[in-house]
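What follows is a set of notes on a single structure, which appears directly below.
We did not get these values from a lab; they are worked out from the coordinates using the rules stated. As the structure is a prediction and not an experimental result, all values here were calculated from the model. Backbone-built Cβ (ideal geometry, glycine too); neighbour counts: all protein chains shown.
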Amino acid sequence: MAKPSGTRSVKVYLGMLFLLGIAPLLFQWTNQPFLLDLLSRGLIIGIAALSLNLILGYGGMISLGHVAYLGIGAYCVGIPAYYDIYDGWIHLSLAIFTCALFALITGAVSLRTKGVYFIMITMAFSQMIYFIFLSLEEYGADDGLVIYARSEFPIWMNMEGAVSLYYWIFGLLILTLFFIHRLVRSRFGRVIIGSKYNDLRMQSLGFNTYGYRLTCYVISAVICGLAGVLLGNFTSFISPEMMSWTRSGELIFMVIIGGAGSLFGPLFGALSFLFLEEALSLITIYWHLIFGGLLIALVLFGKGGIDAWLSKLDK
Amino acid sequence: MDWNLLISQLVNSIQLGLLLFLLASGLTLIFGIMDFINLSHGSFYMMGAYFCGSIVAATGSFFAGIIVGLVGIFFLGALVEWLIARQLYKENHLDHVLVTFGLILVFDALVHIIWGPSGLSIPLPDFLNGQIQLGSLVFPIYRLVIISGGLAVAGILYLLISRTRLGMLIRAGASNRDMVESLGININRLFLFVFALGAAMAGFAGMLIAPITEATIGMGNDIIIIAFVVVIVGGIGSIKGAFYVALMIGFIDTMSRSYLDDFLELLASTAAAETAAPAISAMLVYVLMAVVLAFKPTGLFPPTAGNR
Amino acid sequence: MKQTMRADSVLSIKSLCKNFGGIKATDDVTLSVSRGGIHAVIGPNGAGKTTLIAQLSGQIRPDSGDIEFDGRSILRSGMAQRARAGLARSFQITSVFLEMTILENAMLAVQGAQGHSYRFWAPVHNDHELADIAMDHLMTVGLHHRSERIVSSISHGEQRQLEVAMALAMQPQMLLLDEPMAGMGKEETFRMIEILSLVGAEKTILMVEHDMDAVFSLADQLSVLVNGRVIATDSVAQIRSNPEVQKSYLGGSCVKD
């Protein structure tokens, strides 16, 4: 069961969150807009990784199509904006509704299956979304869609500037972390974790696990969709490419290097992934080779991810 | 109705179906027998195209490219099995996903390093480049070559699986792995062979298509997903299922792309039909998969198991 | 002892059949378990005992026949539904959650019995509604003072005891126990017999078991299953003296495993 993290690693995590909270001030002070950009992207992808971890790490549902919800969320900003609708509340509610609906339908089919089938079906459904947007000439098809202005919110919570957008992202991150923290410790969370270890046993204890897993899948999709709304606002250019299934592979990679089934792990997995990508791509254009090799080595030789290394601090 | 167009689309759909079969048959065997998810199966498709292209460039002979390329991919597949896949059969599926995803990155990067970022085109010999006239119909000869090549491999595979002792072991392995192990067969060698055979068939598909599309980095990453759909709908481990479903999906995909807008125009305005048709045809294959799975969660042709 | 055949029955199995590729795993089994007793099903390996339990719990669908629980057919109910209706099952292969503590395992079982679990916010670890009941049942099997131990670190016998506690925690009317003594040493078996006789005073139990000493000291009624068929159902004393049973099962060396 999700063991309570030791006090020392909790301190490390809280310290990191504090640093993330004051990061824009540091970057402004040192005049590093690029770093703020990188960190904003990292946190958005981090939220997506956290949402994937909810089903993958805690629930044992290996979805290879999670990035579809990131894309749906982004298009829920892009398509209204294309029709000059910039109201942020509309964007948010549209994203929540669309992601929940799509997750409900595809989840209902996918969760009837197990193992290999589930992995491939989630991948196929996300590829379906990818091809649909690829074929929608109206919304740019493979050329993508430019979003000319950010979602509009009341003035005290607008996301116009880079810093205010950052705090939107940071806010959603904190909410997501807190929500998942509560969720996995609730009765609902126990059922999800139990069904990861032994689904049959959970059924024999009287839990209709299908319903719980489907609910969890939908929740996870909605969180990822919200991250997508922020991603759309952040990049101001969206294209089907962001939903290619290889992106879902990267997302799983982040969850694993961070530590599946740990609260903070996937966030730091995502950050490490993106910073490593930036750093390696400065050194060599063949950074994919190093990444791929790393991934293979990680599975063949080392288990547990960053979270496991951090929790060794407690010993 | 333009009959010439219809027939040429029919030929295209068979061509796509057979390419899908070449990819899916290897995948389904590797799934069924080793219970191993190989996301990087599409990399063999890509490597096949590049191998073939290099050899054609060096020797000037297309057939040398195919033959030597096939041998090369067979050994590449064996190498991947021996070095990596074999370590993972007993691990969970998540590990398979991670490692084979890593393999995709490695292969894509290697191609980038060796052949550069731009594609590699494969010139066809003149006698394959022409067109053939049957009545009022005109076919590119090479498309017919692809189709006969695909059919030939399907035929050989069928004979191998249904008539030989090796094929019997493969069939037994796909429906009941424990039985093969209990027969005292050298299971490692069987796995190695199946993996390399699957790789070679995927590579062959890549070689066949490359003269039309040219070899590009990541060329396998999209088609492999449809091959996965074929495997799921056909039933994991079933060659027969892979064959029928590959042809069916090739047909549905090709036909809906070319005719769905005409069909929709009967129901809605031209503008609406032209917007909706591509999106709907992009979905069709996946909707088919969802419908099949909703009724038959193990696919249309699950390999018959002796023990259940 | 409840000898009368007219005693009201909690579970009645009618002409149950299940084939696995031509092998009759369950062959026209008719059986009635009366309320409040311990009914044991014995039989050699491969007699179809676990298959029978699996059909009763809803894991496997029978080919034909009917299962009535508490007067209603449960044939169409799934595993979860049957468990909630009051039919708790323990597994032959220990299937407690090794990664959790003893208490967490028991709490999960209590949770399963308490309405839906679509409660997303309140943490379970200080949920007294769950913990108190769970501790009661752990007390019954004698694991209450070790409740914080991770299950992978306790002995096999203790894991089997936890299985029983979890079945009890679901507050069932009836327990289906699949070889509760499997893989246990003498001490552990003795302890389990003690626990089950305690439990059996309050709940109906249908158990499948190999250990004849355990069966003879616990059960009120015995059914003998051979090749998927029930060849006899009677009180312990009657079964022991039944010549047919003697010949086909109890006779000779197969009394013990």
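Things worth noting here:
- Hull-based mean projected area of chain C, where the convex hull spans the alpha carbons, in square nanometres: 14.2 nm²
- With a cut-off of 16 Å on the backbone N, the residues of region A:195-215 near the modelled label site 7 Å out from C:I150 along Cα-Cβ are A:197.
- Here each label is just a point 7 Å from Cα along the line to Cβ, and for B:S61 and B:F263 those points are 4.6 nm apart.
- Comparing C:D127, C:D220, C:D70 in a Gaussian network model of chain C (Cα springs below 10 Å), the most mobile by mean-square fluctuation is C:D127.
- Oblate is the label for chain B, because a/c, from the alpha-carbon gyration tensor with a ≥ b ≥ c as root eigenvalues, is 1.5 or above and a/b does not exceed b/c.
- Gyration tensor (alpha-carbon) shape descriptor, region A:1-153, a/c threshold 1.5: oblate
- Averaged over peptide C:87-99, the number of partner chain Cβ atoms lying within 10 Å of each residue's Cβ comes to 3.
- When both region B:111-166 and region A:243-265 are represented by their alpha-carbon centers, they are found 38 Å apart.
- Dipole of the protein assembly as shown [Lys/Arg +1, Asp/Glu -1 at C-beta], most positive-end residue of B:I114, C:S153, A:L145: C:S153
- DSSP bridge orientation in the protein assembly as shown - percent antiparallel, rounded to nearest 5: 60 percent
- Structure remark: mean-square fluctuation, Gaussian network model of chain A, C-alpha springs under 10 Å; the largest value among A:G71, A:G171, A:G57 belongs to A:G171.
- Burial order of peptide ranges C:168-179, C:190-201 (average beta-carbon count within 10 Å, highest first): C:168-179, C:190-201
- Cα gyration tensor category, rounded, prolate or oblate, for region B:118-270 with a/c compared to 1.5: prolate
- Förster radius 56 Å - calculated FRET efficiency between C:N45 and A:E137, Cβ distance, rounded to 0.05: 0.25
- Listed values for region A:65-70 are Karplus-derived 3J(HN,Hα) couplings in whole Hz (6.51 cos²θ - 1.76 cosθ + 1.60, θ = phi - 60°), namely x, 5, 5, 4, 6, 4, and x replaces Gly and Pro.
- Close amide-amide hydrogen proximity is noted between C:V10 and C:V33, C:S34, C:R35, each under 5 Å apart and 5 or more residues distant or on a separate chain (H modeled in the peptide plane; Pro and chain starts excluded).
- Kirkwood-Stokes translational diffusion coefficient of the protein assembly as shown, alpha-carbon pairs, 37 °C, 0.692 mPa s, µm²/s: 108 µm²/s
- Distance between the C-alpha centres of region A:98-157 and region A:283-299: 28 Å, rounded to the whole angstrom.
- 3J(HN,Hα) along region B:128-145: 9, 8, x, 10, 10, 10, 10, x, 8, 9, 10, 10, x, 4, 5, 4, 5, 5 Hz, from the Karplus curve 6.51 cos²θ - 1.76 cosθ + 1.60 with θ = phi - 60°, whole Hz, x for Gly and Pro.
- As computed over region C:98-171, the Cα convex hull volume per residue (Å³): 80 Å³
- Sites C:R240 and B:N186, calculated FRET efficiency, Cβ-Cβ separation with R0 41 Å, nearest 0.05: 0.20
- Built amide H within the under 5 Å cut-off of C:T101, gap 5+: C:V151
- A Förster radius of 35 Å combined with the Cβ-Cβ distance from A:I105 to B:Y89 puts the calculated FRET efficiency at roughly 0.55.
- For chain A, the Kirkwood radius over C-alpha pairs fed into Stokes-Einstein at 4 °C and 1.567 mPa s yields D = 65 µm² per second.
- Inter-chain Cβ neighbour count for A:195-203, averaged per residue, equals 5 (cutoff 10 Å, partner chain atoms only).
- Excluding same-chain neighbours fewer than eight residues apart, the aspartates and glutamates reachable from A:K196 by a Cα-Cα span under 14 Å are C:E99.
- Kirkwood hydrodynamic radius (C-alpha pairs) into Stokes-Einstein, region B:1-77, 10 °C and 1.306 mPa s, D in µm²/s: 110 µm²/s
- Cα-based reach from C:K247 at 17 Å (exclusive), listing aspartates and glutamates while leaving out same-chain residues under 8 positions away: C:D234, C:D257
- Pairs from the table (C:K14/C:K49; A:K114/B:K296; C:K24/C:K203; B:K240/B:K296) lying more than 22 angstrom apart at Cα are C:K24/C:K203.
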